[in-house]
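One structure below.
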Amino acid sequence: THFCRLGERCDYRGSSGEPQQHHDADEAEKSLSRSELLKKHQQRPTGKRTHCCSDCGKRFTSSGIKIHQRTHTGEKPYGCVQCGKSFGQSGHLLSHQRTHTGEKSYSCGQCGKSFSSSRNLTQHQRTHTGEKPYSCDQCGKSFTTSGSLTLHQRTHTGEKPYSCDQYGKSFTTSGSLTIHHRTHTGEKPYSCAQCGKRYFDKRSLIKHQKIHEGVVS
């Protein structure tokens, strides 16, 4: 028998031989810790697509909705310090930066081709396997990437989420909007190495180069 700090007699001992009040206090502390851990766990994102986009109706996780909304607003908060190009996702900026460094740390085990991101490697590997995991629920057509499926689905919905802020003209892809913007700015970033003629987009440059090759009259 001994006296606790508050003068109470603590002469009842549990099976372990320790004073029962001390044992109860330990159990209460453990229970509280478990309760706090459970609360923290419940506050974590569940991965469920509970957030609905007000522009197109698609559903996303709490973090995914913020990224997705940038496709409508055109917001690109991640900028490359070397060339100024901007991106909607930090991961896309990281992949882009490797075009400056030349780093390609992801290699294909079948053909040895290297890529700057694991995502690009995965997409490339499907050219070997023939896998097309993304299917259109309207026509059944399958695609190797989710982005290709998204673009295809717009042929059914008619959705054109990228709008020119000067004339209001809308486009199905951000790339098409970028090319259109150049008609306002006059920027022609693609130049012919043989004659110096410049173009708004790469496709027009390739078509022009065939003139030098004698393919097109």
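Structural remarks
- Relative contact order, whole percent, for the stretch 70-174 stands at 15, derived from Cα pairs under 8 Å and 6 or more residues apart.
- Footprinting exposure proxy for SER148, SER116 (fewest neighbouring C-beta atoms within 10 Å first): SER148, SER116
- Measuring against 26 Å, Cα to Cα, the residue pairs LYS85/LYS169; LYS85/LYS160; LYS48/LYS85 contain LYS48/LYS85 as the ones spanning a longer distance.
- Theoretical FRET efficiency, 1/(1+(r/R0)^6), r = Cβ-Cβ of CYS52 and GLU75, R0 25 Å, to 0.05: 0.85
- A crude spin-label estimate for the pair SER105 and SER163, with each label 7 Å from Cα along the Cβ direction, gives 4.1 nm.
- Length added when fully stretched, ASP137-HIS212, from 0.36 nm per residue minus Cα-Cα: 22.6 nm
- Shape descriptor for the stretch 80-185: Rg over Rh equals 1.04 (Cα atoms; Rh from the Kirkwood inverse mean 1/r).
Every number in this text was worked out from the coordinates using simple rules, so none of it is lab data. No experiment lies behind these values; they were computed from the predicted model shown. In this analysis, Cβ positions are derived from the backbone assuming ideal geometry, glycine residues included, and neighbour counts consider all displayed protein chains.
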